[in-house]
Structure formats: C-alpha cells, structure tokens
Amino acid sequence: MLKSTIYGDVTRFDLARTLAGKGRYWTTAYLVDGLLIDAGCAFTAPELVRALAGRPLAGIVNTHTHEDHIGANGPLQRKHAGLPVRAHPLALPVLADPLRQPLHPYRRLLWGRPEPSQSEPVSDGEVIETGRHRLEVVYTPGHSPDHICLYEPEQGWLFTGDLFVGGRDRALREEYDVWAIIGSLKRIASLPSQRLFPGSARVRNNPAAELAAKIEHLEALGERVLALHRQGRSVDQIVHALLGRPMPIELITLGHFSRRWLVHSYLNERPA
C-alpha cells in the first residue's frame, strides 16, 4: 500500500504491506529534488518503483539499515544502472548483504527481506547537493549505530528517520541505546528547524517544542529508573513501577520490543 503527499519540494511516500485489506506498520520515504531518502520495505518496493517511474532520480540516502528503510534500494539500482546509494559507513556491509541482519518473525512478516545494494559512505557534516537544495549529514546513533539524519538549513528541514517519530516511549527494541538516542535528539534539537519529516508518523511544523519534550521525557524516565535501581529494585520491579501494563507490541514481537529492554538500556546492561 502506498500513499503520497506533497510538501512543496518534498514528496512523502507512506508505505506498508497490505494485510487483511489494510496497511500494517507504515514507514515513510521522501523524494527531495531527485534524492530519495529511505526506500520502504521489500514488500512495498514494487509500488515505490512504479510511483517513481518517470521522475528524475539522482540517488538514495538511507537513514539506517533496518529492513523497512532499505527495501527498494536493490530494485531501484537494477532499474537505474549506476544509481548511487549513500549511507553511514557502518551501514555498507548490511546493504551489501542484508542477510547479515537477522530478522525476527514479525519483521519478516511485516517488511520482508531486502535485496542487496551497492553503496558508498557519507561522513558526518558532509553536504549532499541536489539541484536546488543542500542536505547536511548528521550522525545520530541510538536507534541503530548507523543512523543518520539530514538537515536542509536554508529551508529548516529535518529528516529524522526513526530517531524521532513522536510519542512517549514505554518500550524499546533489544539493540537500541537510549542514552545515545537522547544525545542524538539533543544534537538535532540544536539545529534551527521549521519542519520535521520523520521516518513514520506525522510531519511536524516548528518541532522545537516536541523535540524538547521528548528529550525531557526520556531524561526524566532515566533518572527514575536509575533511582529505583540504586534502591536495589530489580528490572521487573522497575518495569512494574514505571512503565504500566504489558503492551501489545511485546506480544507481537515476542519480547524483542519491550518495556524490559528499555530499562536494560537505561542501565547500560544486557540480561544474562
């Protein structure tokens, strides 16, 4: 399933596998003056390739290598010989061989296995130029070690991938680093921005207040987790005290995305 929305020079593509007649777990790609930022999942790759037909395409930048952001890389490179794909240096081995990244059952069901693609690294602070825009690369680890954001200073555009999608987190995926997420959020919050384009969820205008609120929430929650830990509380006790009732996503992901992983990340530890 694919939906498109135009924001001036930015075309947004919302993409999801269709299950039981509905799109499930949407992700987002953006086309900016011929530059595609992220590429959806493997299941939506044919739709995105068709939607881009007839449009000038100069290249792809992946904000990170999770399978719901790199799915059309390979098909688009096959269709457009020599199409450059750019990403964080740590992303390149995964893009070349996506099977290096184990996929849990829910990820295979919702997003599928991407095809390999050839890619080149981007550096922190590097500027990617299109015909009308200059997008600065900002390294933003935490959601993944290879995560980047893109910033267009003249327009005040922030393309945040999955670093910021909104909400008040009560759960985290196993390999996320919550303290790195906070640091990366602070970095992008320091950039003057007029519009934030996330990797899913709604576009935000004048996002400074929402970014500040997200940082404040995560830091305050971390302080409470650490305070209870110093009192000798166990992870399960901290979860019960601070993070409420079990969440459906914990069942869907078989515990890969959970309240317990959020607490473990605040404690900078992995369970035995």
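Every number in this text was worked out from the coordinates using simple rules, so none of it is lab data. Since the structure is predicted, the reported quantities are computational estimates derived from the model, not experimental observations. Positions of Cβ are backbone-derived with ideal geometry, glycine not excepted, and every protein chain shown enters the neighbour counts.
Taking the DSSP beta bridges in the chain as the whole, what percent of them are antiparallel, to the nearest 5? Roughly 75 percent of the DSSP beta bridges within the chain come out antiparallel. Counting only Cα atoms, the range 157-214 measures 32, 21, 17 Å along its principal axes, largest extent leading.
With both residues required to sit in the range 108-218, DSSP beta bridges show an antiparallel share near 75%. When only Cα pairs below 8 angstrom with a gap of at least 6 residues are kept, the chain shows a relative contact order of 13 percent.
Here the spin labels are modelled as points 7 Å beyond Cα on the Cα-Cβ line, and at Leu191 and Asn268 they lie 2.7 nm apart.
Local charge for Arg204 was computed over the other residues whose Cβ lies under 12 Å away, with Lys and Arg +1 and Asp and Glu -1, and equals +2. Hydrodynamic radius of the range 94-176 by the Kirkwood approach over all distinct alpha-carbon pairs: 15.2 Å. Listed by chain and number, the aspartates and glutamates whose alpha-carbon sits under 18 Å from that of Lys22, ignoring those within fewer than 8 places in the same chain, are Asp14, Glu47, Asp68.
The GluC sites (Glu not before Pro) of the range 148-217 that DSSP puts in a loop, and whose beta carbon has at most 12 other beta carbons within 10 Å, are Glu154, Glu175.
Over all other residues within a Cβ to Cβ distance under 14 Å of Glu126, the charged ones net out to -3, with Lys and Arg as +1 and Asp and Glu as -1. Applying a DSSP loop filter and a limit of 14 other Cβ atoms within 10 Å to the trypsin sites (Lys or Arg not before Pro) in the range 181-272 leaves Arg202.
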